[in-house]
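The values are calculated or read from the model by the stated rules, or taken from the named source; none is laboratory data. Note that the structure is predicted; figures quoted are calculated from it, not measured. Heads up, the Cβs are rebuilt from the backbone with ideal geometry, glycines too, and the neighbour counts pull from every protein chain shown.
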Amino acid sequence: MLSQNLWFADDLGANFSKPPATVLVDEIAHQWNFYGTQLPNFLAEGVSQFTDTMFVEFMQGQAAYDKEIQRLRDGYTKIASLLNTLNTLQGKGLTLEQSASELKMTPEQVAPYWAYAPVGELPITDPKVFPALYFLKGALAIDALRSEIGEKSFLAGMKAVFSGKTDHLWTLEEFKKVFEQQSGKDLTVFIDKWYYQKGCSEVCVISAFGWGLFVFGGCVSPQPTRKS
Ligand SMILES: [Zn+2]
C-alpha cells in the first residue's frame, strides 16, 4: 500500500534507483500487469520484478540491468539453498533454534523460512513455493524469454499480452501461446524448465561479456522485496 506519509515524504532521488521510486514503478506496472490483464500471482510478480529491472535499464543502461539480473540470480540461489538446507536439518529433527545455530544465523533470520522447510525449494508454479522464489526466478524467466526469442518478438508479445483479454485470469499456457505466435518458436521446453522444474541453472546470457556468449550458472540473489 502506498501512503503519502510512508513514500512521498522522501525525495524520489536523481536516478530513480531506490524506494520510493522503485515501489512506484512496480505499482504503476501492476495497473496493467495483474489489475488490467489478470495473471496468476507467480507470473504477475515475476513480470513486475522484470519490468522494474527494465526500468533500471532504461534509466541507467545495460550494465545496471545486468547487475540487477545478477542480483536476482544470486538471491534465488541463496534462498533456494537455505530452504534446502533447512529441509535437511528439519529432517534430522533439529529445531528452529538448533538449525539457526548450525547455520550461524539468528532464529529471527531463519523464522520466515522455517514453515517452508518441509518442502524446501519447489517449482515456482507450485502453490506451496516460498513466495520470494517466484519474484526472483519469475523475473529471470522473463529475462531468459527475452534472450530466447529476441527483443522484437518479446516486446510484441508483451504488448499483445497487456493489451489482450482483461475479462479473465490468464493461464501460463495462454501467456506462452502469445510469445509462440510472435516468435514462431515452440516454447514448451522453455516454459517447462523455468516454471515447472526446480533450480535455476538455465543457460544465461551474461551481456557483460557480450551478447551471445552463453554461460552456465546457478541462479542467485537478493532478499525478497515484495510488495503486493
Ligand atoms: Zn509487484
Please find, among E97, E121, the residue that is touching a Leu at 6+ places or on another chain (Cβ under 8 Å) and charged (D, E, K, R).
E121
Could you go through segment 80-98 and let me know if any residue there is charged (D, E, K, R), surrounded by 14 or more Cβ atoms within 10 Å (Cβ to Cβ) and part of a helix (DSSP H, G or I).
no
So, of the residues in segment 104-119 that are among the aliphatic types (A, V, I, L, M) and more than 22 Å from K137 (Cβ to Cβ), which turns out to be surrounded by the fewest Cβ atoms within 10 Å (Cβ to Cβ)?
A111
Among the residues in segment 52-73, are any acidic (D, E) and closer than 18 Å to F130 by Cα?
no
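Being in contact with a Lys or Arg (Cβ under 8 Å, 6 or more places away or on another chain) and within 16 Å of the ligand (Cβ to nearest atom): is that true of V23 here? Can you show your working first?
Values: in contact with a Lys or Arg (Cβ under 8 Å, 6 or more places away or on another chain): yes; within 16 Å of the ligand (Cβ to nearest atom): yes.
Yes: the conditions hold for V23.
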If P118 satisfies all but one of (1) touching a residue at least 40 places away in the same chain (Cβ under 8 Å); (2) outside any helix (DSSP H, G or I), what's the number of the condition it fails?
(1)
Taking segment 45-60 on its own, how many of its residues are crowded, with 20+ Cβ neighbours inside 10 Å and away from the ligand (no atom under 16 Å from the Cβ)?
0
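Here is a check on your reading of the model: is A63 surrounded by fewer than 17 Cβ atoms within 10 Å (Cβ to Cβ) and within 22 Å of L145 (Cβ to Cβ)?
Working: surrounded by fewer than 17 Cβ atoms within 10 Å (Cβ to Cβ): yes; within 22 Å of L145 (Cβ to Cβ): yes.
Judged against the criteria, A63 is a match.
Quick one: would you say L39 is within 12 Å of the ligand (Cβ to nearest atom) and touching a residue at least 60 places away in the same chain (Cβ under 8 Å)?
On the way: within 12 Å of the ligand (Cβ to nearest atom): yes; touching a residue at least 60 places away in the same chain (Cβ under 8 Å): yes.
Considered against the rule, which asks whether it is within 12 Å of the ligand (Cβ to nearest atom) and touching a residue at least 60 places away in the same chain (Cβ under 8 Å), L39 comes out as yes.
To keep it simple, each residue is scored yes or no on (1) in a helix (DSSP H, G or I); (2) free of Cβ contacts under 8 Å to residues at least 24 places away in the same chain; (3) within 16 Å of the ligand (Cβ to nearest atom).
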site: L12; (1), (2), (3): no, yes, no
site: Y35; (1), (2), (3): no, yes, yes
site: L43; (1), (2), (3): yes, no, yes
site: K67; (1), (2), (3): yes, yes, no
site: Q70; (1), (2), (3): yes, no, no
site: D74; (1), (2), (3): yes, no, no
site: K78; (1), (2), (3): yes, no, no
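Quick one: which helices (runs of 4 or more DSSP H) sit completely within segment 143-228 and have at least 1 residues that are among the charged types (D, E, K, R), at pLDDT 95 or above and closer than 26 Å to A63 by Cα?
Numbers: elements: 151-162, 172-183, 188-191.
It comes to 151-162.
Can we say A63 is without any contact (Cβ under 8 Å) to a residue 24 or more places away in the chain, more than 25 Å from P127 (Cα to Cα) and more than 12 Å from the ligand (Cβ to nearest atom)? Explain how you work it out, then say what you get.
Numbers: without any contact (Cβ under 8 Å) to a residue 24 or more places away in the chain: no; more than 25 Å from P127 (Cα to Cα): yes; more than 12 Å from the ligand (Cβ to nearest atom): yes.
Spelling it out, it is not the case that A63 is without any contact (Cβ under 8 Å) to a residue 24 or more places away in the chain, more than 25 Å from P127 (Cα to Cα) and more than 12 Å from the ligand (Cβ to nearest atom).
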